C-alpha cells in the first residue's frame, strides 16, 4: 500500500515513523525538508509526494494550511485515493473538503486525534472520524499503525466536532489541575507523592497522570507537549462553533483569554499545562 504523509511536526513525525516501521511504501513532505531526511527518506515536491498514492495523510497547522495543501495536491491525486486529515480544523472546512474531493472521485475523511505527543510516539492515539462508513472501514488497518482506538461518528465534519468536545474538556481539566497543584504546594504537603496516588481515584485523568510532574516542577520547554498556541487555536474553533449552535461555553471563553495571555506574556510553544504559570506569576491577581 502506498501512503503519503504531509506534515512532520510534534505529532506528524512519530506518526510517519510508525508507518515506515510497519513497512508501508511511504513518501513524506514537510515545509522544512530537513525533517524528511531525519526519516531516512529523500525530499521531494509536494506534488511528487502524493502522486499515485493510495492514502494521503495530512497533519498540518490549521484551516489555512489544510486548504492551501489540499488545493495544491488535488490535481495530482489518483481517482479512488483516500485523503485523511488529522489536523484539528473547523467542521465547516471538513465538510467543504469532503465535497471538493468527492467531485474528483477522491475520498476524504476528517480524523482528528487525542493522546498528545506521547500517544503519537507510542502509537496509541485515539481517533474520531467523520466521512463515509465504507472509507472508515477500509482505512482502519493503516490508521492502526499509530492509533489504538478508532471510532466512526458519521458524516464529514463530525470528527472535528468530537475533537472540539475533547478540547473543551481538556482545557477545563488542566485549569483545575493547575489550581490543585498550586494549592498542594502552597499547603506544604508532599505534592509529588500525592498526585500519583489521587490519579488512581475519582479525580484521576490522563491529564493528571501525564501533566502533574511538568506542573509541579515548572519544567516547560519549547515544542515539548501540546503547545499553548495550538490550544488557543482549538478553543477559538470551539467558541466559533459553539456560537453557531447555541452552546454555552463560559469556562472555555475564560480559558481562551488565559491561553492568550500565556502566548503573549510567557511562551506560545510551552505545553498547555503552562496555565499554572499564571498562578505562579500572580498575573491573575486582579481577575
Would you check if there is a residue in the stretch 209-216 being in contact with a strand residue (DSSP E or B) (Cβ under 8 Å, 6 or more places away or on another chain) and touching a residue at least 40 places away in the same chain (Cβ under 8 Å)?
yes
Could you tell me which numbered condition residue 165 fails, if it satisfies all but one of (1) in contact with a helix residue (DSSP H, G or I) (Cβ under 7 Å, 6 or more places away or on another chain); (2) within 23 Å of residue 248 (Cβ to Cβ)?
(1)
Residues of the stretch 199-226 being over 11 Å from residue 181 (Cα atoms) and surrounded by 15 or more Cβ atoms within 10 Å (Cβ to Cβ), in sequence order, are 199, 205, 206, 207, 210, 220, 225, 226
State the number of residues belonging to the stretch 243-275 that are without any contact (Cβ under 8 Å) to a residue 12 or more places away in the chain and either assigned to a helix (DSSP H, G or I) or touching a strand residue (DSSP E or B) at 6+ places or on another chain (Cβ under 6 Å) (or both).
7
Test result for residue 182, surrounded by fewer than 20 Cβ atoms within 10 Å (Cβ to Cβ), in contact with a helix residue (DSSP H, G or I) (Cβ under 8 Å, 6 or more places away or on another chain) and assigned to a loop (DSSP other than H, G, I, E, B):
no
Restricting to the stretch 7-63, give me the number of residues that are assigned to a strand (DSSP E or B) and surrounded by 15 or more Cβ atoms within 10 Å (Cβ to Cβ).
8
Before we move on, is residue 223 modelled with pLDDT under 95 and either closer than 25 Å to residue 164 by Cβ or not in a helix (DSSP H, G or I) (or both)?
yes
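Yes or no, residue by residue, for (1) surrounded by fewer than 21 Cβ atoms within 10 Å (Cβ to Cβ); (2) over 25 Å from residue 251 (Cβ atoms); (3) in contact with a helix residue (DSSP H, G or I) (Cβ under 9 Å, 6 or more places away or on another chain); (4) outside the structural domain of residue 10 (by the TED database):
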position: 103; (1), (2), (3), (4): yes, yes, no, no
position: 106; (1), (2), (3), (4): yes, yes, yes, no
position: 110; (1), (2), (3), (4): no, yes, yes, no
position: 127; (1), (2), (3), (4): no, yes, yes, no
position: 131; (1), (2), (3), (4): no, yes, yes, no
position: 140; (1), (2), (3), (4): yes, yes, no, no
position: 147; (1), (2), (3), (4): no, yes, yes, no
position: 150; (1), (2), (3), (4): yes, yes, yes, no
Scanning the stretch 75-107 residue by residue, those under 14 Å from residue 6 (Cβ atoms), in contact with a strand residue (DSSP E or B) (Cβ under 9 Å, 6 or more places away or on another chain) and without any contact (Cβ under 8 Å) to a residue 60 or more places away in the chain turn out to be 77, 81, 82, 83, 84, 85, 97
Going residue by residue through the stretch 32-50, is there one that turns out to be under 20 Å from the mean Cα position of the chain (by Cα) and farther than 25 Å from residue 156 by Cβ?
yes
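The values are calculated or read from the model by the stated rules, or taken from the named source; none is laboratory data. Just so you know, these numbers come straight off a predicted model, no measurement behind them. A quick note on method: Cβ atoms are made from the backbone with ideal geometry, for glycine too, and the neighbour counts reach across all protein chains shown.
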